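A quick write-up on the structure given underneath.
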Amino acid sequence: MTIRSVLTASLIASVLTITVAEAAEGRGDNATTKAPCVAKPVTVNGSVGTQLCGPASANVKVGGKTYSFKEGFCAHDLQNKLALQLSLGTDVPVFGSGKPNHGRPFFELSLTTTAQKGTLESLDFAGRQLVPDDTPVSVSYKAGAALKGTFEGKGVSGSWNCHGGIYKLNQA
């Protein structure tokens, strides 16, 4: 099981018990609310995956071409020391051979809580893995709130927008 699978499983398992963090500051004064939506299970070529949902989006540039990702949300995962975990699209793990993510678009970015560094956990589009999993990236966003920002790594750059909220995963 890869770190991607573990983190995605953690996010999906927690999606029903999340709270909205104060978006403007990314701190304190949390208001309990329902998730923006409920991710749905999907089956693609016999493999079980998850169709994410929500208002977040990202644009990524690789090799001079721009790719757009949508349908997902931003989350704090402080138990795993992540200031931000952004997952977009459909996650269908591939075991063995086959097209990356069974041809479905999937984007996952994680930012650490200790510095403005992150990891592009996964970047799949139209059956292609656009960069290797776990590509390190440097990030830039307004201090105290990772609602939107930019990232850059070897051969890849882009931006994300949470469109209104970062959700705090309840990991108790």
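Computed values, structure above
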quantity: Filtered residues of the stretch 112-140 (kept if outside any strand (DSSP E or B) and under 19 Å from VAL92 (Cα atoms)); calculated: ALA126, GLY127, LEU130, VAL131, PRO132, ASP133, ASP134
quantity: Subset of the stretch 141-168 [hydrophobic (A, V, I, L, M, F, W, C), surrounded by 15 or more Cβ atoms within 10 Å (Cβ to Cβ) and outside any strand (DSSP E or B)]; calculated: ALA145, ALA146, LEU147, CYS162
quantity: Within the stretch 53-111, considering residues that are surrounded by fewer than 21 Cβ atoms within 10 Å (Cβ to Cβ) and hydroxyl-bearing (Ser, Thr, Tyr), the one farthest from the chain's Cα centre (by Cα); calculated: SER97
quantity: In the stretch 83-111, residue farthest from TYR67 (Cα to Cα) [restricted to those that are in contact with a Ser or Thr (Cβ under 7 Å, 6 or more places away or on another chain) and of a type in the set (D, E, K, R)]; calculated: ASP91
quantity: Selection status of VAL139, farther than 21 Å from LYS61 by Cα and either among the hydrophobic types (A, V, I, L, M, F, W, C) or free of Cβ contacts under 8 Å to residues at least 60 places away in the same chain (or both); calculated: no
quantity: Pick from the stretch 141-160, criterion over 20 Å from ASN80 (Cα atoms) and in contact with a Cys (Cβ under 9 Å, 6 or more places away or on another chain), ranking: modelled with the lowest pLDDT; calculated: LYS148
quantity: Among residues of the stretch 90-127, those that are touching a residue at least 24 places away in the same chain (Cβ under 8 Å) and more than 20 Å from THR50 (Cβ to Cβ), counted; calculated: 6
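The values are calculated or read from the model by the stated rules, or taken from the named source; none is laboratory data. The model shown is predicted, which means the values in this text are computed figures rather than measured ones. Here the Cβ is made from the backbone with ideal geometry for all residues, glycine too, and neighbour counts use every protein chain on show.
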